[in-house]
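The values are calculated or read from the model by the stated rules, or taken from the named source; none is laboratory data. Please read these numbers as outputs of a predicted model, since none were measured by experiment. Neighbour counts are summed over all protein chains in view; Cβ atoms, including those assigned to glycine, are modelled from backbone coordinates with ideal geometry. With ligands, DNA and RNA removed, areas are computed over all heavy atoms of the protein, side chains included. Shrake-Rupley method; radii C 1.70, N 1.55, O 1.52, S 1.80 Å.
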Amino acid sequence: MSGPSDYQPTNPALKWIERRLPIMGLMHSSFVAYPTPRNLNYWWTFGAILSLMLGLQILTGVVLAMHYTPSADVAFRSVESIVRDVNYGWLLRNMHAAGASMFFFAVYVHMFRGLYYGSYKEPREILWILGVIIYLLMMATGFMGYVLPWGQMSFWGATVITNLFSAVPYFGESIVTLLWGGYAVGNPTLNRFFSLHYLLPFVIAGVVVLHVWALHVAGQNNPAGVEPKTEKDTVPFTPYATIKDMFGVSCFMLFFAWFIFYMPNYLGDADNFIPANPGVTPAHIVPEWYYLPFYAILRSIPNKLAGVTAMFAAILVLAFLPWLDTARTKSSKYRPLAKQFFWIFVIVCVLLGYLGAQPPEGIYVIAGRILTFCYFAYFLILLPLLSRIEKPRPVPNSIAEDVLAKTGGGGAPMVSTVIALAIAGALFGASVQNAMAEEQQVPPSQKWSFAGPFGTYDRGALQRGLKVYKEVCSACHGLSYIAFHNLADPGGPGYTTAQARAFASEYKIKDGPNDQGEMFERPGRPADYFPSPFPNEQAARAANGGAAPPDLSLITKARSYERGFPRFVFDFFTQFQEQGPNYVDALLQGFEEKPPAGVTLPAGSFYNKYFPGHAIKMPKPLNDGQVTFDDGSPATVPQYARDVTTFLMWAAEPHMEERKRLGLQVFVFLILFTGLMYFTKKKVWAAAH
């Protein structure tokens, strides 16, 4: 695990340590003098990115664990408490949640790079197998972490995925019971998953050490696929690879920061902002995006045991790649047929991911089976066949020759293949998304003051919305995650501490027991939370025709709708994430006295053109002239709806202004740092070229 090193410390204390524990010499030989192929491209930077992401996930995870409570009764609330009450808790949560997606994105790029350049071939078989083990551990860690917020998708995802183990002959039911800690997903399950989720990242770190060790023993692969022969083929790891990695990492951090500060919920599911409810199953249960290709393979096979076997086989087959692909030429850069089929395989994986997010019915099932066959055919048929029949192009004699000759051109066929397949996939996605959009009327998009990278809350709208909530909505809906003192917090409605205290005193809060053991009522205090209008869920259902009115603290994040293709792609660049506010605003205005012809409503229901299924138990809540505003704003339903939606958006995202303000500062720093790294890299590498 070392390169040539002549490191000799000059400090007497360091000399004393080095003679007894040569750790600094090991570090110098491994990360300074280590010989690195000079033709490595930026795809190799993802190794450094993954090291950084693993460190960030462990660091943020440890801090989050200090505040998280692994109890089914309060887990969901403890996560919200972290986001709302812990100093920069929202930042830690966003870094950890978005970091999981970035971790998997980087590892998929890392794996596809290894596939393309043949990094699994001799003498790097152990290196590749250790990578597959890390990937399996990552999948287990990520799944358990997804369960911890204890939202609807967390709970039901855990129920569905753990229940798959029941397909194992003889031992299946025992495995499921062991995972659950009982006969259903519950508190013991959450405790098990929390413990393992905390432990496994350190196991991953241990396997990563072995992975790096194996890398230093076998040496790094390179785009040419030829081994270093002379000193001209390599450069020292530091400063050459180090500065190149720093530039690549800084570019990746810009991408990562986009999610942290501007699109924190883009990759999440709105249902996970609803507390777990074993009695209500989500309409469509899907895992996180990085599991979707394997989820599609699982669902494409009607037999449960065969589906589970195929899902795990789709991962384990990667470990056998060194023996399935026996071609002597490592890099697909010099294998025209292998290059074409590699990019087809990438498109197959992307389409499998898309199908994994769709309901298992109709054309989706057929397409899933075809693509599942294509996935396994690539490993079990195509690679062994190409190893025997393909005639590769001439490979350079050395890495230095590859750098000087700039060989390996002729990428036009590959590019044309990718473009053609991407267009076909886009057209397929567009037709599917449009068909789905036709099933339900999409709420109109509104212009919100809080939208965009510089968006802020309209203080007047927040205060008016609070008045609408107090006089109308609070009769049925709670706001249990908002304390009265939050009304005076920076970025909120703009009240003073005295005004917040006076507002709280208008409420009666049940407290106790007193010295006589009795409960009593007292005026509200700033530290109190908005009280619920009902003592429990059963009372709420009884008073509302069997439907419990939801708590409104997170309603603008817990409601969403399909934007359709290609708008959801553009949303990433335009930072559009106002589906929730658009839906709430449209719902409040979407009531119609008479349903359309041919539509029959259940007894006690009302017609709303934006509510899924159109039959809603809540009667029309807003009417013109219902609430009078002190600032003279119109007393109309559209104004009420807009103002209360703005207030509820603040209730769901009280730190939004701080998040976007800090995001701008981070982006300015990262852009300047990235520019500095780019020019430093050019100067360092000028001597090498």
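Worth pointing out:
- Complete set of residues in the stretch 264-277 that are modelled with pLDDT under 95 and touching a Phe, Trp or Tyr at 6+ places or on another chain (Cβ under 7 Å): Y266, L267
- Residue that is farthest from L115 (Cα to Cα) [pool: residues in the stretch 302-317 that are open to solvent by less than 50 Å² (accessible area, probe 1.4 Å) and not small (G, A, S)]: V308
- Within the stretch 43-72, residues that are open to solvent by 40 Å² or more (accessible area, probe 1.4 Å) have Cβ atoms under 9 Å from residues that are among the acidic types (D, E) in these pairs: H67/D85, counting only partners at least 6 apart in sequence or on another chain.
- The residue pairs whose first member lies in the stretch 536-551 and is more than 26 Å from F647 (Cβ to Cβ) and open to solvent by less than 50 Å² (accessible area, probe 1.4 Å), whose second member is assigned to a loop (DSSP other than H, G, I, E, B) and at pLDDT 90 or above, and whose beta carbons are closer than 6 Å, counting only pairs six or more residues apart or on different chains, do not exist in this structure.
- Within the stretch 119-144, the set of residues being over 20 Å from V212 (Cβ atoms) and either buried (at least 19 other Cβ atoms within 10 Å of the Cβ) or in contact with a Gly (Cβ under 9 Å, 6 or more places away or on another chain) (or both) comprises G142, F143, M144.
- Listed by position, the helices (runs of 4 or more DSSP H) inside the stretch 165-273 whose residues that are under 25 Å from the mean Cα position of the chain (by Cα) number at least 3 are 187-218, 242-261.
- Residue under evaluation F503, criteria (1) under 38 Å from the mean Cα position of the chain (by Cα); (2) open to solvent by less than 40 Å² (accessible area, probe 1.4 Å); (3) more than 29 Å from A276 (Cβ to Cβ), criterion not met: (1)
- Check on A224, crowded, with 21+ Cβ neighbours inside 10 Å, without any contact (Cβ under 8 Å) to a residue 40 or more places away in the chain and either over 24 Å from Y120 (Cα atoms) or of a type in the set (G, A, S) (or both): no
- Qualifying residue in the stretch 632-651 (condition: open to solvent by 20 Å² or more (accessible area, probe 1.4 Å), charged (D, E, K, R) and free of Cβ contacts under 8 Å to residues at least 24 places away in the same chain): no
- Number of residues in the stretch 567-599 that are under 20 Å from the mean Cα position of the chain (by Cα) and either of a type in the set (V, I, T) or at negative phi (or both) equals 13.
- A615 meets the conditions (1) farther than 26 Å from H477 by Cβ; (2) of a type outside the set (F, W, Y); (3) modelled with pLDDT under 95 in every case but one. The failed one is (1).
- Evaluation of I285 against the conditions (1) open to solvent by less than 40 Å² (accessible area, probe 1.4 Å); (2) in a helix (DSSP H, G or I) shows that the sole unmet condition is (2).
- The number of residues in the stretch 641-689 being over 27 Å from N265 (Cβ atoms) and of a type in the set (G, A, S) comes to 4.
- Selection count, the stretch 254-280, where residues are of a type outside the set (A, V, I, L, M, F, W, C) and buried (at least 18 other Cβ atoms within 10 Å of the Cβ): 8
- Exactly one residue out of G25, G47 is part of a helix (DSSP H, G or I), within 18 Å of W213 (Cα to Cα) and in contact with a Phe, Trp or Tyr (Cβ under 9 Å, 6 or more places away or on another chain): that is G25.
- Residues within the stretch 73-92 that are assigned to a helix (DSSP H, G or I) and either open to solvent by 60 Å² or more (accessible area, probe 1.4 Å) or touching a residue at least 40 places away in the same chain (Cβ under 8 Å) (or both), tallied: 10
- Residue among Q579, Q626, Q639 that is of a type outside the set (S, T, Y), modelled with pLDDT of 90 or more and within 20 Å of E562 (Cβ to Cβ): Q579
- Residue within the stretch 442-452 that is farther than 30 Å from G492 by Cα and either open to solvent by 60 Å² or more (accessible area, probe 1.4 Å) or at pLDDT 95 or above (or both) present: no
- Selection over the stretch 274-295 of residues that are under 23 Å from A184 (Cβ atoms), among the aromatic types (F, W, Y) and more than 14 Å from the chain's Cα centre (by Cα) gives a count of 1.
- When L59, L14, L91 are screened for being under 24 Å from F103 (Cα atoms), hydrophobic (A, V, I, L, M, F, W, C) and touching a helix residue (DSSP H, G or I) at 6+ places or on another chain (Cβ under 8 Å), only L91 passes.
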